[in-house]
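Please read the structure below before turning to the comments.
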Amino acid sequence: MKIAIIFTTYIIFIITRILKFNKKKQNKIEIMKKVMTHRSARMFLSIIISSLFLLTISSCSVRKSFLTSAVVPAARGTAKVKTDNNKNYVIEINVVDLADVSRLQPSKKSYVAWVETDQNENIKLGQLVSSSSFMSKQMKASLETVSAYKPLRIFITAEDDSNALYPDRLTVLTTEKFKLK
């Protein structure tokens with residue numbers, strides 16, 4: 001956030017130099033009023049502010065798509081990881097076209113999301129329940145959770161028991177490795 005403020009201040013400084021305002025005679029509010037009266041300056045400033053906003057939003061999180069599955073080829077989804085104020089990892093998983101778990105071969109009871117940590121441990125994130133909405137037949141599943149462990153990758157398995165302590169070999173979806181700071 002400090003970088004955004006410094007950058008915005010720098011842009012205002014550049015605009016004032018471009019429009020040849022003398023800082024000694026006018027305060028910053030008067031300068032901004034004059035800058036905002038010029039159409040090109042307003043356009044330029046709005047582009048800069050929009051870019052800063054998008055930069056701060058996108059730099060806070062890392063999003064990875066799940067790789068195409070051999071088990072459920074139609075399934076598509078993303079996993080988004082961001083850090084919160086407590087330096088925990090907020091993980092959001094969204095999957096579409098995930099077949100009902102009972103239709104898999106062999107049949108299973110539930111989908112479970114796991115995280116592979118930077119210490120090479122697999123930690124269970126939670127159960128994914130697929131369902132369709134009222135007006136759509138598309139199966140969707142989502143999970144949002146918080147983890148203290150730094151994720152390397154996220155994967156989803158089909159399990160006989162949703163309380164499993166270790167992942168089954170039947171991996172349905174997996175992401176590439178995350179590159180988190």
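What is the residue count in segment 122-135 for residues that are assigned to a loop (DSSP other than H, G, I, E, B) and either in contact with a strand residue (DSSP E or B) (Cβ under 9 Å, 6 or more places away or on another chain) or not assigned by TED's automatic domain parsing to the domain that holds ARG169 (or both)?
The number of residues fulfilling the criteria is 3.
Taking the condition in contact (Cβ under 8 Å) with a residue 60 or more places away in the chain and crowded, with 18+ Cβ neighbours inside 10 Å, does LEU128 pass?
no
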Exercise. Can you name the condition, by its number, that LEU152 falls short on among (1) free of Cβ contacts under 8 Å to residues at least 40 places away in the same chain; (2) touching a strand residue (DSSP E or B) at 6+ places or on another chain (Cβ under 8 Å); (3) more than 10 Å from VAL115 (Cα to Cα); (4) not hydroxyl-bearing (Ser, Thr, Tyr)?
Worked result: (3)
Problem set entry | Of all residues in segment 84-106 being modelled with pLDDT under 90 and either assigned to a strand (DSSP E or B) or of a type in the set (Gly, Ala, Ser) (or both), the one that is farthest from VAL172 (Cα to Cα) | SER102
Exercise. Residue check: is ASN163 of a type in the set (S, T, N, Q) and touching a Phe, Trp or Tyr at 6+ places or on another chain (Cβ under 6 Å)?
Worked result: no
Seminar exercise, completed: Looking across segment 56-83 at residues that are farther than 25 Å from TYR149 by Cβ and exposed (fewer than 13 other Cβ atoms within 10 Å of the Cβ), the single one that is modelled with the lowest pLDDT is THR56
Seminar exercise, completed: Matching residues in segment 136-149 (assigned to a loop (DSSP other than H, G, I, E, B) and in contact with a strand residue (DSSP E or B) (Cβ under 7 Å, 6 or more places away or on another chain)) number 2
Problem set entry | For TYR111: the one exception among (1) surrounded by 15 or more Cβ atoms within 10 Å (Cβ to Cβ); (2) in a helix (DSSP H, G or I) | (2)
Seminar exercise, completed: In the set LEU152, LEU165, LEU180, the lone residue that is assigned to a strand (DSSP E or B) and among the aliphatic types (A, V, I, L, M) is LEU152
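The values are calculated or read from the model by the stated rules, or taken from the named source; none is laboratory data. Bear in mind that the values here come from a model prediction, so they are computed numbers and not experimental data. Glycine gets a Cβ as well: all are built from the backbone with ideal geometry, and neighbour counts include every protein chain shown.
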